[in-house]
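Undergrad: Handing you this structure, nothing more for now.
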Amino acid sequence: MADAVPPVAMTGDDALLDYLLRLGDSDVVLAQRLGEWVGHGPVLEEDIALTNVGLDLLGQGRMWLTYAGEVEARSCGRGRSEDQLAFLRDGGAYRNLQLVELPNGDFAATMVRQFYFDHMHLSLLRALTGSADARVAEIAAKAVKEVAYHVERSDDWVIRLGDGTSESHMRMQQAVDRLWPYTGEMFAVDAIESALIETGIAADASALREPWLAAIDAVLAEATLTPPTGEWMQGAHGRGGKQGIHTEHLGHLLAELQFLQRAYPGAQW
């Protein structure tokens with residue numbers, strides 16, 4: 001997208017701001033995707049559960065974006081609010097993972113996307129509870145309990161559908177394979193994150209990959225699903241969503257997410 005920023009080395013508050021946007025944007029974008037299931041879940045209980053997971057992520061995203069605005073104000077004297085960051089940036093200014101902006105697809109695809117993301121998310125948040133930045137550590141600690149439940153829930157659905165009927169097994173295997181190339185970006189570390197890792201603020205995402213793989217493989221085995229073998233990864237070499245380079249799907253998502261604020265500037269609930 002036109003306003004994507006190339007990955008460059010940053011220091012201090014500029015790097016922290018970018019990192020906070022990465023954390024917050026992934027939460028907000030995935031919350032929006034899950035919100036699209038409202039009224040369309042396979043059963044009423046699941047309709048409500050998907051909504052609740054989305055609300056958890058939205059709440060976490062708000063905390064990250066609020067802090068991002070404060071860091072921005074500290075850096076340049078003019079910080080945007082959480083609403084301004086969520087609703088008044090163009091697509092290339094978003095720093096979310098490409099995985100979370102992908103369309104929901106069927107219920108199998110939604111749950112596999114959640115499964116991949118949840119396991120990474122929990123490991124990342126646990127690591128961030130030890131951040132040298134007290135605010136980052138505080139937000140991560142608040143989010144861990146919610147995300148631990150997300151992991152349990154997505155594991156349960158992967159096993160239930162993978163080891164279910166021939167139809168559900170087929171759909172789950174297709175989703176596992178199709179979404180796999182988008183998982184590499186979750187563990188890619190660029191110059192921005194490296195600078196923050198050195199100061200103890202950010203977590204080293206690359207160190208989370210092997211434990212993540214072990215957890216994923218264990219669940220897939222119980223679900224009688226075959227782990228993917230592809231090595232090519234979308235956005236894993238500094239050219240992904242964390243650098244503002246997105247799929248065509250994000251623009252359509254933002255058109256809906258941002259409609260009210262763009263149509264009625266300054267509107268508040």
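Undergrad: Specify the residue that is farthest from GLU185 (Cα to Cα); the eligible residues are those in segment 244-259 that are touching a residue at least 12 places away in the same chain (Cβ under 8 Å) and in a helix (DSSP H, G or I).
TA: Looking at residues that are touching a residue at least 12 places away in the same chain (Cβ under 8 Å) and in a helix (DSSP H, G or I), I get GLU256.
Undergrad: Another question about this same structure. State all residues of segment 177-203 that are crowded, with 16+ Cβ neighbours inside 10 Å, in a loop (DSSP other than H, G, I, E, B) and touching a residue at least 40 places away in the same chain (Cβ under 8 Å); if no residue qualifies, say none.
TA: THR183, ALA188, ASP190, ILE201, ALA202, ALA203
Undergrad: Still on this structure, please answer the following. Do you know which residues across segment 164-176 are buried (at least 23 other Cβ atoms within 10 Å of the Cβ) and either more than 21 Å from THR226 (Cα to Cα) or touching a Leu at 6+ places or on another chain (Cβ under 8 Å) (or both)?
TA: Residues satisfying the conditions are MET172, VAL176.
Undergrad: Assuming ASP133 fulfils every condition listed in (1) of a type outside the set (Ser, Thr, Tyr); (2) more than 19 Å from GLY61 (Cα to Cα); (3) more than 17 Å from the chain's Cα centre (by Cα) apart from one, which condition is it?
TA: All conditions are met except number (2).
Undergrad: May I pose another question? Out of VAL8, VAL28, VAL43, VAL53, I need the residue that is under 11 Å from the mean Cα position of the chain (by Cα) and either surrounded by 17 or more Cβ atoms within 10 Å (Cβ to Cβ) or at pLDDT below 95 (or both). Which one?
TA: On inspection, the qualifying residue turns out to be VAL28.
Undergrad: Applying the selection to segment 37-59, what residues are of a type in the set (A, V, I, L, M, F, W, C) and either in a helix (DSSP H, G or I) or under 15 Å from SER154 (Cβ atoms) (or both)?
TA: Within segment 37-59, TRP37, LEU44, ILE48, ALA49, LEU50, VAL53, LEU55, LEU57, LEU58 meet the criteria.
Undergrad: Under 7 Å between Cβ atoms, which residue pairs at least 6 apart in sequence (or on different chains) link something in segment 136-158 that is closer than 18 Å to PHE107 by Cβ with a partner that is small (Gly, Ala, Ser) and exposed (fewer than 15 other Cβ atoms within 10 Å of the Cβ)?
TA: Taking only residues 6 or more apart or on different chains, not a single pair turns up.
Undergrad: A further question on this structure: Of all residues being touching a residue at least 24 places away in the same chain (Cβ under 8 Å) and polar (S, T, N, Q) in segment 226-243, which is farthest from MET170 (Cα to Cα)? Just the residue, please.
TA: The qualifying residue farthest from MET170 (Cα to Cα) is GLN243.
Undergrad: Tell me, which helices (runs of 4 or more DSSP H) lie completely within segment 76-155 with 3 or more residues that are touching a helix residue (DSSP H, G or I) at 6+ places or on another chain (Cβ under 8 Å) and modelled with pLDDT of 95 or more?
TA: Per the criteria, 98-101, 107-128.
The values are calculated or read from the model by the stated rules, or taken from the named source; none is laboratory data. Remember, it's a predicted structure, so these values are computed and weren't measured experimentally. Don't worry about glycine lacking a Cβ; one is built from the backbone with ideal geometry, like all the others, and counts go over all protein chains shown.
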